[in-house]
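The values are calculated or read from the model by the stated rules, or taken from the named source; none is laboratory data. As the structure is a computational prediction, the values presented were derived from the model and not from experiment. Note that we place each Cβ from the backbone using ideal geometry, even for glycine, and neighbour counts take in every protein chain shown.
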Amino acid sequence: MKKRINTYLAIALTTDCNYRCFYCKEGGESISKEKQTISFYAMKRIIALAYNVGINHFRITGGEPTCVSYFTELIEHIMKFSQTKVRINTNGFKILESINLLKKYKDRIDIVFSVDSISEYLDGVHFQKYLSEKVIQTTKVLRKNDIPVRYNIVVTKLNEREVEPLVLKAIDELQVNVKLLDLNKFSEYLGFEHILRGKEAFQLWDNLFVPMSKFSGFLDKNSDTSQSEWTTPLISKGHGIPMSAYFRKNNWIQVKDSTRGAKYANFCIQKCPFYKTGNCQEGVFSLFLSSNLILHLSGCKNEQIQFNLNKQDDEQIKTSLKNLLSFI
């Protein structure tokens, strides 16, 4: 294997999810809106080819990846390759079904839960990803077995009053790390009652957006040390939206603040229409494989640098991976 490239390949295994959070969109993280799941055969092949070009960090997401029938087999397959690491993004409802696997590879796996509030309902809105008793107990089982856990909190005006107590409970009581994220600006959201598109979607974002600077005082007061630009081991500094971090005892709180801008490749600045019109929020961060086997950069809307792997042979897939890695 070549020297590890300082990025990861994120994979949206499926568009299926048992939740419909108002700030999400059809397909979840996948750019596809169709109901679909990548086949296990395709997944094994792409993992091997990505590893061949130097990628040994993978992020498994969806939809809800633990819903996929081959989920545990996929993790086992990735672990067959030397020095691979896996991050699993999940709402947690089925993760303990894989506890033996997670214990086996605890030094090479970490779990990211989406947990947005302490209360199930806020201002009449159902927060499906709240800190339920089941999530608490699941977290305790994982931590008891020394499996790293992080809570991702998407902050909006609806749940902002719960952010501070949720962060302290996560750090001090449950011994997990935390990442605060402001609301992504999409042209489509699932919404509260029906899908919102175009102007309606942008209005929802405008109504609910909370700048991360609002929590600076709280984080300064409740941390031992901090860094203005910091990232986790799966990716290097200098990519995408700059992250800051606050350290409290043995855990940390990472902050993704889109108002700080993002870091782009020369191609983005010189040739991308989305950059020129101010419609790119993510910058160049990581490689992403959507559920329709379209390989692209995370958050990137430019079809010129999207690669359809469905009909590519092994050498063509490796070339597609290398083409995107050149941006990073």
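Observations
- Number of the condition not met by GLN36 [criteria: (1) under 17 Å from ASN89 (Cα atoms); (2) touching a strand residue (DSSP E or B) at 6+ places or on another chain (Cβ under 9 Å); (3) of a type outside the set (A, V, I, L, M, F, W, C); (4) surrounded by fewer than 22 Cβ atoms within 10 Å (Cβ to Cβ)]: (1)
- Checking each residue in the stretch 81-130 for being closer than 14 Å to PHE71 by Cα, among the charged types (D, E, K, R) and in contact with a Lys or Arg (Cβ under 8 Å, 6 or more places away or on another chain) picks out only ARG87.
- Consider the stretch 287-328 and keep the residues that are of a type in the set (Lys, Arg) and either in a loop (DSSP other than H, G, I, E, B) or modelled with pLDDT under 95 (or both). The one that is nearest to ILE31 (Cα to Cα) is LYS301.
- Residues of the stretch 215-234 that are of a type in the set (Gly, Ala, Ser), surrounded by 11 or more Cβ atoms within 10 Å (Cβ to Cβ) and either touching a His at 6+ places or on another chain (Cβ under 8 Å) or free of Cβ contacts under 8 Å to residues at least 12 places away in the same chain (or both): SER216 alone.
- Filtered by the rule that a residue be crowded, with 20+ Cβ neighbours inside 10 Å and of a type outside the set (Lys, Arg), the stretch 57-72 gives HIS57, PHE58, ILE60, THR61, GLY62, GLY63, GLU64, PRO65, THR66, VAL68, PHE71.
- Identity of the residue in the stretch 298-324, among the hydroxyl-bearing types (Ser, Thr, Tyr) and crowded, with 17+ Cβ neighbours inside 10 Å, that ends up nearest to LEU287 (Cα to Cα): SER298
- Apart from one condition, ARG20 fits all of (1) surrounded by fewer than 23 Cβ atoms within 10 Å (Cβ to Cβ); (2) not in a loop (DSSP other than H, G, I, E, B); the exception is (2).
- Checking each residue of the stretch 235-256 against the condition of being buried (at least 19 other Cβ atoms within 10 Å of the Cβ), modelled with pLDDT of 95 or more and not in a strand (DSSP E or B) gives no match.
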